[in-house]
Amino acid sequence: KDSILKSEIANNELISNENELKNQQLINEKLLKASLNREGILKDGQLQKEKGLRLILSAGLSLLLLSGFAIFLLYKKQRSKNFIIQKQADNMQVLMKEIHHRVKNNLQVISSLLDLQSLSIKDEQASGAVKESKLRVQSMALIHQNLYSEGNIKGILMEDYIKKLVENLFHSYNIKADKIKLSTDIDHLNLDVDTVIPLGLILNELISNSLKYAFKEIENGEIFVSLKENEQQLKLQVIDN
């Protein structure tokens, strides 16, 4: 009996130990399952974040492509407009050149008619008046000639214009280059036609008067022309010795 009792006690202990081992295994399995569940939840969250990021990137890429396409269409449209504007500007420039060319030719015709008329006038004073009118017309024709030949239809370079105007007057009055010297001090000005026409007429009158009356008893003369810009105003000087 004692031996049987000891065997039963030993069996009970073995069963108890086995149960404890099983309980421990169950606890470990539960802990492992919980850990796996947490890891699964983390992976699911990470997958959701990756999906959201992919959606955002896809949406951003789509918007970028749409924006690029819209910008391309706008660029193409603007380029087409610029081409049309440039073409119109070129046509306008050609038209303006043609207008200045025709005005110059008409003024030259008027100048030639006045010159012919002066030849048939016997009265010296009347002939001189016609000749002066011819020189005034030539001063205006020279403006349109500069606008046509230089390709600058909006303005005239005054330094070049004044020198050409004086040379034309010297030639009209048969002034030799060694008799009267021209000196200039002219700013680099590009002026519009409405400003240049009165300036040209004023210069024509003043220089013509000097050439007609100032140097009759002087062998060598000098004419000084100055045009300066100061505080958006022009100062013109014509001086002879």
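The values are calculated or read from the model by the stated rules, or taken from the named source; none is laboratory data. Remember, predicted model here, so these are calculated numbers, not experimental data. Cβ coordinates were reconstructed from backbone atoms using ideal geometry, including for glycine residues, and neighbour counts include every protein chain displayed. Protein only, heavy atoms only, side chains kept; ligands, DNA and RNA dropped before computing areas. Shrake-Rupley method; radii C 1.70, N 1.55, O 1.52, S 1.80 Å.
Things worth noting here:
- The 3J(HN,Hα) values that the Karplus relation (6.51, -1.76, 1.60; θ = phi - 60°) gives for the range 125-132 are, in residue order, 5, 5, 4, x, 5, 5, 5, 5 Hz. Gly and Pro appear as x.
- In the chain, excluding the sites themselves, the longest stretch lacking any of the GluC sites (Glu not before Pro) that are in a DSSP loop with at most 13 other Cβ atoms within 10 Å is 1-216.
- Summed over all non-identical Cα pairs, the Kirkwood treatment of the chain gives a radius of 27.0 Å.
- Interchain or long-range residues, amide H under 5 Å from residue 221's placed H: 180, 181
- Sum of -39500 (n - 2.57) over DSSP H runs of 4+, divided by residues of the chain (222 nm, nearest 500): -27500 deg cm²/dmol
- The stretch between residue 174 and residue 127 holds 15.3 nm of extra length on full extension. This uses 0.36 nm per residue minus the Cα-Cα distance.
- Maximal additional length on extending the residue 74-residue 86 stretch stands at 2.5 nm, based on 0.36 nm per residue less the C-alpha distance.
- Solvent-accessible area, 1.4 Å probe, carbon plus sulfur percent, for the chain: 57 percent
- When the charge dipole of the chain is built from unit charges on Cβ atoms (+1 for Lys and Arg, -1 for Asp and Glu) and taken about the Cα centre, the candidate among 71, 32, 120 whose Cα reaches farthest toward its positive end is 32.
- Shown is the FRET efficiency for residue 213 and residue 102, computed with R0 = 45 Å from the Cβ-Cβ distance and rounded to the nearest 0.05: 0.80.
- Ordered from highest to lowest accessible area with the whole protein assembly present and a 1.4 Å probe, 164, 76, 104 read as 76, 164, 104.
- Largest-first ellipsoid semi-axes for the range 10-61, taking √(5λ) over the Cα gyration tensor eigenvalues, angstrom: 49, 4, 4
- Student exercise, the chain dipole from Lys, Arg, Asp, Glu Cβ charges, in Debye to nearest 20: 1060 debye
- The largest accessible area among 72, 83, 170 belongs to the first residue in 83, 72, 170, and the rest follow in falling order (1.4 Å probe, all chains).
- For residue 173, the solvent-accessible surface computed with a 1.4 Å probe is close to 40 Å², ligands and nucleic acids excluded.
- Rounded accessible area of residue 26 (nearest 10 Å², 1.4 Å probe): 90 Å²
- Kirkwood Rh, angstrom, the range 151-238 [1 / mean 1/r, Cα pairs]: 13.8 Å
- Nearest-0.05 FRET efficiency for residue 167 and residue 230, computed from C-beta distance (R0 30 Å): 0.65
- For the range 1-87, alpha-carbon Rg and Dmax in angstrom: 36.8, 126
- Placing +1 on the Cβ of every Lys and Arg and -1 on the Cβ of every Asp and Glu, with no other charges, gives the range 1-81 a dipole of roughly 1480 debye about its Cα centre.
- In degrees, nearest ten, helix 193-209 long axis to first principal axis of the chain (Cα): 30 degrees
- The simple spin-label model puts a point 7 Å past each Cα toward its Cβ; for residue 183 and residue 36 those points are separated by 11.1 nm.
- What the chain shows is 74 Å² of accessible area per residue, with the surface traced by a 1.4 Å probe over protein heavy atoms.
- Distant-in-sequence amide H partners of residue 186 (H built 1.01 Å from N, under 5 Å): 227
- Counting heavy atoms of the protein chains alone, residue 115 has an accessible area of about 60 Å² for a 1.4 Å probe.
- Global dimensions of the range 21-162 from alpha-carbon coordinates: Rg and Dmax equal 43.7, 149 Å.
- Principal-axis tilt of helix 158-172 within the chain, Cα atoms, nearest 10 degrees: 20 degrees
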